[in-house]
């Protein structure tokens, strides 16, 4: 029994680093910078997000190393790959169907 518990703990700690990036982002929120505009994005644990002061609302989910979203602005789900190992305060570029944007994790 003890080996099973240790093995389960090992699996829990061996999550991919990209999951850490997405966990940080969806827990703390982020700022999306595109074309000189900074957009504050907040995520809730129930898979919802808001941006632009509530003008954009939608749903999110994590699929491996990708963050998948759909919103009232774009009802078609799109999934964007995120880099590994990012934490609060880090900025990085992502490229999705709408182009490239800079993300900063709060």
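The values are calculated or read from the model by the stated rules, or taken from the named source; none is laboratory data. None of the values given here were measured: they were computed from a predicted structure. Ideal geometry is used to build each Cβ from the backbone, glycine not excepted, and the neighbour counts take in all protein chains shown.
Worth pointing out:
- Tally of residues being within 11 Å of the chain's Cα centre (by Cα) and exposed (fewer than 13 other Cβ atoms within 10 Å of the Cβ) across region 65-81: 0
- Residues of region 43-81 satisfying the condition of being in contact with a helix residue (DSSP H, G or I) (Cβ under 7 Å, 6 or more places away or on another chain) and at pLDDT 95 or above: 43, 60, 62, 67
- Residue selected from region 82-97 under the condition in a strand (DSSP E or B) and at pLDDT 95 or above, by the criterion surrounded by the most Cβ atoms within 10 Å (Cβ to Cβ): 94
- Residue list for region 39-64, filter: surrounded by 14 or more Cβ atoms within 10 Å (Cβ to Cβ) and in contact (Cβ under 8 Å) with a residue 24 or more places away in the chain: 60, 62
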